[in-house]
1. Search the range 110-138 for residues being more than 19 Å from the chain's Cα centre (by Cα) and of a type in the set (S, T, Y), and hand back the single one that is surrounded by the fewest Cβ atoms within 10 Å (Cβ to Cβ).
2. Test V28 against the stated conditions and say whether it is over 25 Å from G97 (Cα atoms) and either at pLDDT 95 or above or basic (K, R) (or both).
3. Given the conditions (1) at pLDDT below 80; (2) not in a loop (DSSP other than H, G, I, E, B), report the number of the one that A138 does not fulfil.
4. Go through T77, T113 for me and flag whichever is of a type in the set (S, T, Y) and either touching a helix residue (DSSP H, G or I) at 6+ places or on another chain (Cβ under 8 Å) or assigned to a strand (DSSP E or B) (or both).
5. Tell me, which residue of the range 42-72 that is assigned to a loop (DSSP other than H, G, I, E, B) and within 10 Å of the chain's Cα centre (by Cα) is surrounded by the most Cβ atoms within 10 Å (Cβ to Cβ)?
Amino acid sequence: MSTTDAEALLRGASLRVTRPRVAVLDAVHRHPHADTDTVIRAVRREHAHVSHQAVYDVLRALTDAGLLRRIQPAGATARYEARVGDNHHHVVCRTCGAIADVDCAVGHAPCLTASADHGFVVDEAEVVYWGTCPACAAAQSIPAVTASTEGST
């Protein structure tokens, strides 16, 4: 994401343009589904003086403004993504925690119709698919090397 694009997004959301905000937006665009520590490391590569608290505050402000989305699959740390406003879902690897986007299953938001909405006006459905990513599946199918098989050729 260019600095000009980040500045335009911030102004469009009526947020003041600051170096930490631009840096965090850029980091999340470059690292989809990044946790806070990943965002902090990415920001500090460009701006070493930015504090942990500043990054936390910027993530909160950008999420509140709708420029970022915070997701937190069960049992996982919070992650941030720049893909907002389209009601997509996620697939999560149970082994390594990798996360990928999954487009909306059917139709327009909220993608799913609740069997009983209890009078709520539903505007979003969050679905998390759980499984094993291709890399972990491949690693699991490789037989372990043992002492008895190492020397036999």
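1. Out of the qualifying residues, it is S115.
2. Numbers: over 25 Å from G97 (Cα atoms): no; either at pLDDT 95 or above or basic (K, R) (or both): yes.
No, not satisfied.
3. (1)
4. On the way: T113 fails: either touching a helix residue (DSSP H, G or I) at 6+ places or on another chain (Cβ under 8 Å) or assigned to a strand (DSSP E or B) (or both).
It is T77.
5. Start the filter on the range 42-72 by keeping residues that are assigned to a loop (DSSP other than H, G, I, E, B), which leaves 47-51, 65-68, 72.
Keeping just the survivors that are within 10 Å of the chain's Cα centre (by Cα) gives 68, 72.
Values: L68: 23, Q72: 11.
Among those that are assigned to a loop (DSSP other than H, G, I, E, B) and within 10 Å of the chain's Cα centre (by Cα), it is L68.
The values are calculated or read from the model by the stated rules, or taken from the named source; none is laboratory data. Nothing here was measured: the structure is a model prediction, and the numbers come from that model. All Cβ positions, glycine included, derive from the backbone under ideal geometry; neighbour counts span all protein chains shown.
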